[in-house]
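Asker: Okay, here's the structure, questions in a sec.
Please treat every number below as a calculation from the coordinates, not as lab data. Remember, predicted model here, so these are calculated numbers, not experimental data. Here Cβ is always computed from backbone atoms with ideal geometry, including for glycine, and neighbour counts include all displayed protein chains.
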Amino acid sequence: MNFQLSEEQLMIQQAARDFAVNECLPGVIERDEHQKFPKEQIEKLADLGFMGMMVKPEYGGSGLDTMSYVIAMEEISKIDASVSVSMSVNNSLVCYGLQEYGTEAQKQQYLKPLAQGKKDGELYIGAFLLSEPEAGSDATSQQTTAEDKGDYYLLNGTKNWITNGNSASVYLVIAQTDPSKGSKGINAFIVEKNWPGVVVGAKENKLGIRGSDTHTILFNDVKVPKENRIGEDGFGFKFAMKTLAGGRIGIAAQALGIASGAYERAKDYSKTRKAFGTEIMNHQIIQFKLADMATKIECARLLCLKSAWEKDNNIDYTLSSSMAKVFSSETAMWTATEAVQIHGGYGFVKEYHVERLMRDAKITQIYEGTSEVQRIVIGRAILK
Ligand code: CAA
Ligand code: FAD
């Protein structure tokens, strides 16, 4: 077993680190305070080839492996999780879903510009629309309907909490086509944001990832051409679950990055802050906190990389991605909270960054399946 990163992976790590420090760190506090979507940063990520990292070059992507994606997600999330959530949704939900299950025509029309993150020089990214006001964890209870009208579907309903809701040009929408068939009566569709009947609702005012634009999206008699359905009739729920299994690796890597960022700041601070005549790192209880942080982060990183490796090697990664997500997100929440504690009062103000990391950490335990949902997936897999 080789735990050494390849030359290419080390280069990607350095490129992501440089990007995070040079492009994301300046203004991160202001973007968080004013809920400003990091458009410039995402455009630069697109120029770096990070918005379609695992997409094949013939479809406009960078043709990299999932391990490289995890490595890049960690570095960017150390600094700005509002940037990395857009990157994660575009890469591992939208682009992956289209590359894996889309038709050739769908790939040519949508995947190519989405993988490049740009079309005609303008930002061009996607969003994934599964959650509804009455269907979050219980995702099969879809209320949005897509009525088969012959050569098109008529889409009606409401999706909420949609990441990239206003900035995306393309939505992958999950909807009910035949309620009598349960999860097999659900389909997935490619919908363009500027089609008649698509309405972008209010932006959410959030605890964390405040730069990310989270919106409710409403569909009022939207005509979706038949050729925009993804996969066979009834494939929509499986599409969502299979795509989310990979998405969870991305969010696990985001959580890993938040944890690493908080740990690095706490470690540095402990070397300079003095109390009782010595640097606080010399107090054993502080050392033990740092030791536990380092150990949990290493466990989280190994789980993320193992799940990514399984995905790259066509091994079922449903179990490992849920394990990576639940462990990394709980590590992020715990580590960021302890990082605030190590900073004392300074941790409670914005300039030291750890309070933002603590607020950002919380969402990783909720989206792309709550920690409870991950335990359901893990429990079913280990007991079957
Ligand atoms: N791969 C393939 N098929 C799968 C699957 C998978 N990973 N998981 C489930 N299925 C299939 C099942 O086999 C079953 O098919 P059959 O009837 O043919 O056997 C069907 O799907 C229904 O599955 P379940 O009976 O297991 O469904 P359930 O109602 O018990 O729900 C659940 C299972 C795991 C709780 C699921 O509903 C779930 O994952 N909920 C969480 C939803 C979620 O993660 N939302 C995230 C939204 S996107 C987002 O959040 C983005 C962001 O923030 C940035
Ligand atoms: P609920 O499902 O109502 O859960 C409430 C509580 O009950 C949770 O603690 C949950 O774990 C628990 N619970 C529910 N069922 C069970 C059970 N069977 N056993 C034990 N406990 C249970 N969705 C998208 O589709 N696309 C996006 O881009 C997207 N981005 C998001 C961005 C943000 C900032 C947020 C906040 C959410 C986003 N979501 C997105 C939605 C997210 O995936 C859901 O919030 C999440 O799946 C939980 O659903 P819910 O909020 O309806 O909570």
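Asker: Whole-Hz Karplus ³J(HN,Hα) for region 271-277, in order, using 6.51 cos²θ - 1.76 cosθ + 1.60 and θ = phi - 60°, x for Gly and Pro?
Answerer: So the J values, rounded to whole Hz, are 7, 10, 6, 9, 8, 6, x.
Asker: Here's another thing I want to ask about it. Can you give the helix-only mean residue ellipticity at 222 nm for the chain, where every DSSP H stretch with n ≥ 4 adds -39500 (n - 2.57) and the sum goes over all residues, rounded to the nearest 500 deg cm²/dmol?
Answerer: Details: 12 runs with 177 residues, N = 384.
Result for the chain: -15000 deg cm²/dmol, rounded to the nearest 500.
Asker: Could you tell me which of rounded, prolate or oblate describes region 188-250, using a ≥ b ≥ c as the square roots of the eigenvalues of the alpha-carbon gyration tensor, with rounded for a/c under 1.5 and, failing that, prolate when a/b is larger than b/c and oblate otherwise?
Answerer: oblate
Asker: If only Cα atoms are counted, what is the Rg of region 7-123, and what is its Dmax, in Å?
Answerer: Looking at region 7-123, its Cα Rg and Dmax stand at 13.9, 42 Å.
Asker: Please sort by residue number the trypsin sites (Lys or Arg not before Pro) in region 124-227 whose DSSP state is loop and whose Cβ has at most 14 other Cβ atoms within 10 Å.
Answerer: Loop-located and lightly packed - LYS149.
Asker: Mind ranking 19-32, 74-87 by how tightly packed they are, going by the mean number of other C-beta atoms within 10 angstrom, highest first?
Answerer: The peptides rank, most packed first, as 74-87, 19-32.
Asker: Show me, for region 20-29, the HN-Hα J-couplings you get by feeding each phi into the Karplus relation (A = 6.51, B = -1.76, C = 1.60, θ = phi - 60°), rounded to Hz, glycine and proline as x.
Answerer: 4, 6, 7, 10, 9, 4, x, x, 5, 5
Asker: With all distinct Cα pairs included, what does the Kirkwood hydrodynamic radius of region 126-234 come out to in Å, to one decimal, could you say?
Answerer: 13.9
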